[in-house]
Structure formats: structure tokens, C-alpha cells
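All remarks here apply to the structure that follows.
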Amino acid sequence: MWSLAAGLLVLVLLSQDAWCALPASLATGGACPPPFTKIGDECFYLSDVKKNWNDARRRCQDMGGDLAVPSDVPALDAYVFGKVEGPGVWIGGTDQYNEGVWNYINGDPIKAQDWSKSQPDNYGGREGCLEIRSYFDPPVNDYICSVEQHFVCEIEISCPKPFIGIGMECFYLSTTALSWNAARRQCQQMGGDLAVPSDVKALDTYVFANTKGSGVWIGGTDQYNEGVWNYINGDPIKAQDWSKSQPDNYGGREDCLEIRSYFDPPVNDYICSVEQHYVCEIQV
Ligand SMILES: [Ca+2]
Ligand SMILES: [Ca+2]
Ligand SMILES: [Ca+2]
Ligand SMILES: [Ca+2]
């Protein structure tokens, strides 16, 4: 009985708090999960099939996303109509439940400058769904929901607290200082590991805006194989991320990977036993 109650409590806590969705900022880099493509700082998928607006929305939701809410309509328009002829492609807006009230499906307003001239016009009294139209400029138009046409889905990643999204990755910057090995154990206890950032510069910007330390551990070491540097998941460390003349194994005793606030690029090998802040990453 106790375990059932505890389990329910955990479920309640998780659903209320720990797993609340944090939209990731893609502004500084990161990849989108396939088959989504990064456009600007968002992840979109242009369908290869045609569906009416409601079925299109369900298809996007089945993929873990929803119909697109583009922050940059002209950029999405350029992408879409480089791939399909159109003429119309569904995106995420509708007034079918509240005639004449237009917003994106997430509640965001539709920018006045994105609407095509004299749209939305609810033409024929039966246009309830949002599309971009190839020969309209600006391209946003209200159109007949039942028409089957291509559509654009969008996905956002969510990071479990206390992780935050940078690009398509979820990181946690520690509030305490530990040696590299202790830091790694701590990250693993949180369900992750030390960070393997796909965009070191983006992580660097975030980290040194949020900590005063000069060095911060990330996930790489040559302590088991001197001079052989990779991230702990086996990924190579990009040459352009290493600070000038690093790794230098200074004093013959630098075996752990850090980013350093006053190095640019920031990646450096440093003394594993030094206690400093660290960045964990969790896979989602
Ligand atoms: Ca309408
Ligand atoms: Ca219209
Ligand atoms: Ca070394
Ligand atoms: Ca060094």
C-alpha cells in the first residue's frame, strides 16, 4: 500500500512539476530530431502526403509535435515552396471553433504583416483553417479546412527539470564544485552524464552567464588513455572548439575536459582533481 501511494505521489509530482515542458531555444545551434529540419531556430517537417487540416494536425501530434507555429513565416514559406508546388500548405491556426478569432494553435498571435492582402476573408463563409499559399505574398491565408494538401509539423523538445534546453539538448549547470570524476558520478545519479555539447559556443555562452567560475567540467577525459581525446560518448572533439595550443597536458597532469571562461575557443584539458562547477546532460 505504501509503495502504491508513493508511486502515485511521484506521478503527481512528475506531472505537475518535474516534467513540465520547457521549449528549447534553438537560437544558437543544435540539430532537430529526424525527420524534422531546422529552419531558423525551429524544427519543422513538411509532409509528403496531403491531408485535410484536422487530419494533418492529428498526424503532427502522432509525431510528437503539432502543426507549425512559425516565428519566421517568410523563412518557412521559402523552405516549403522550394520543396512542394503547393498551392496551399497547412500550418497551425484555425478559427473553426470561434469564427473570426485568429491565433496560432498555441495561442500566439498571427503577425499582421504575415497575412496576405485582405486576408483572412472567410471566403464563401467557409474558410476556417490557416495555410501559407505559394502565390500570396505575404503568404498567410485562411482556407477551407476540408481541402487535402501538404502540411508542416513542428516539434519542440522538453527537458526534465532541472535541465534546460540549449539547442536540441538538455543541460544542467551545477551549483556546487566537484572534481571531474565526482562530477561525472553526480551527473549519472541524475540520470545523465557529463555534457557532450554539439554546440560548444552556445553552451559556453549559457554557462558563463550563469556561473562565476573560470573553468567548468564537461564530458571528456584522457585519464585512461593519455593523449587520446574524445567525448565520453565517443564523439570527436571538434578541432575548432579547442582553445589555442590545447590540449597541452600542462605539467603532465591535465586529463579532464573543461570549458574556460577566458579561453576562446573555450575547450581545454585541465587537472581532474580540481573542484569546479560542471555541466550534466540528459538524453530525451
Ligand atoms: Ca473563418
Ligand atoms: Ca482566405
Ligand atoms: Ca592528459
Ligand atoms: Ca590545458
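The values are calculated or read from the model by the stated rules, or taken from the named source; none is laboratory data. This structure is a prediction, so every number in the text was calculated from the model and none was measured. With ideal geometry, Cβ positions are generated from the backbone for all residues, glycine too; neighbour counts draw on all protein chains shown. SASA here: full protein model, heavy atoms, side chains in, ligands and nucleic acids out. Shrake-Rupley method; radii C 1.70, N 1.55, O 1.52, S 1.80 Å.
If R₀ is 41 angstrom, what is the calculated FRET efficiency for the pair Met63 and Tyr135, using the beta carbon separation as r and rounding to 0.05?
0.90
In nanometres, what is the gap between the two model label sites at Lys161 and Lys212, each 7 Å from Cα along Cα-to-Cβ?
2.6
Can you classify the chain as rounded, prolate or oblate using the Cα gyration tensor, where a ≥ b ≥ c are the square roots of its eigenvalues, rounded means a/c under 1.5, and otherwise it's prolate if a/b beats b/c and oblate if not?
prolate
Which shape class, rounded, prolate or oblate, goes with region 34-155 when its Cα gyration tensor gives a ≥ b ≥ c as root eigenvalues, a/c under 1.5 marks rounded, and past that a/b bigger than b/c marks prolate?
Rounded.
Of the residues Asn98, Asn233, Asn210, which exhibits the maximal mean-square fluctuation in a Gaussian network model of the chain defined by a 10 Å Cα contact cut-off?
The residue with the greatest mean-square fluctuation here is Asn98.
Given 0.36 nm per residue, what is the gain on full extension from Ser198 to Asn54 after removing their alpha carbon distance, in nm?
Net length gain for the segment: 48.2 nm.
Given a Förster distance of 22 Å, report the FRET efficiency between Asn249 and Asn181 from their Cβ-Cβ distance, rounded to the nearest 0.05.
Between Asn249 and Asn181 the formula returns 0.80.
Can you give the FRET efficiency for Ile271 and Ser71, using 1/(1 + (r/R0)^6), R0 = 45 Å, r = Cβ-Cβ distance, to the nearest 0.05?
0.55
Give me the net charge for the shell around Gly167: Cβ to Cβ below 10 angstrom, other residues only, Lys and Arg +1, Asp and Glu -1.
-2
Taking only protein heavy atoms and a 1.4 Å probe, what accessible area per residue, in Å², does the chain have with all protein chains in place?
51
Could you tally the net charge around Asp55, taking each other residue with its Cβ under 13 Å from the Cβ of Asp55, Lys/Arg +1 and Asp/Glu -1?
With Lys, Arg at +1 and Asp, Glu at -1, the net is +3.
Just the number, please: carbon plus sulfur as a percent of the accessible area of region 34-155, 1.4 Å probe, no ligands or DNA/RNA counted.
Exposed carbon and sulfur together represent 47 percent of the surface.
Relative to the first principal axis of the alpha-carbon coordinates of the chain, what is the inclination of helix 200-210, with its axis defined by its Cα atoms, in degrees from 0 to 90 and to the nearest 10?
So the helix axis and the longest Cα principal axis differ by about 80 degrees.
As I understand it, the dipole of the chain uses +1 on the Cβ of Lys and Arg and -1 on the Cβ of Asp and Glu, about the Cα centre. Which of Pro265, Ser118, Asn98 lies farthest toward its positive end?
Checking the options against the dipole of the chain, the answer is Asn98.
Charges at C-beta only: +1 for Lys and Arg, -1 for Asp and Glu. How large is the resulting dipole of the chain about its Cα centre, in Debye rounded to 20?
300
Quick check: at a probe of 1.4 Å, how many percent of the accessible area of region 169-282 sits on carbon and sulfur atoms?
47
Please list, in chain and number order, the residues 5+ apart from Cys256 or on another chain whose amide H is under 5 Å from its amide H, with Hs placed from the backbone.
Asp222, Tyr270, Cys272
Could you give the nm distance between label points at Arg126 and Val84, where each point is 7 Å from its Cα heading toward the beta carbon?
Here the modelled spin labels are 2.2 nm apart.
Please list 3J(HN,Hα) in residue order for region 145-158, calculated via the Karplus relation 6.51 cos²θ - 1.76 cosθ + 1.60 where θ = phi - 60°; whole Hz, with x for glycine and proline.
Karplus values, whole Hz, x for Gly and Pro: 4, 7, 5, 8, 8, 4, 8, 10, 9, 9, 10, 10, 8, 10.
Which shape class, rounded, prolate or oblate, goes with region 197-284 when its Cα gyration tensor gives a ≥ b ≥ c as root eigenvalues, a/c under 1.5 marks rounded, and past that a/b bigger than b/c marks prolate?
Because its axes are fairly even, with a/c under 1.5, region 197-284 counts as rounded.
Starting from the amide H of Thr37, placed 1.01 Å from N in the peptide plane, find each other amide H under 5 Å away whose residue is 5 or more places distant or on another chain.
Result for Thr37 returns Phe44, Tyr45.
For region 38-47, just list the computed ³J(HN,Hα) in residue order, Karplus coefficients 6.51, -1.76 and 1.60, θ = phi - 60°, integers in Hz, with x standing in for Gly and Pro.
Working through the residues one at a time gives 7, 10, x, 10, 10, 10, 10, 9, 8, 5 Hz.
Mind checking the full-extension length gain between Gln189 and Asn98? Use 0.36 nm per residue of separation minus the Cα-Cα distance, one decimal, nm.
Between Gln189 and Asn98, full extension yields 27.9 nm more.
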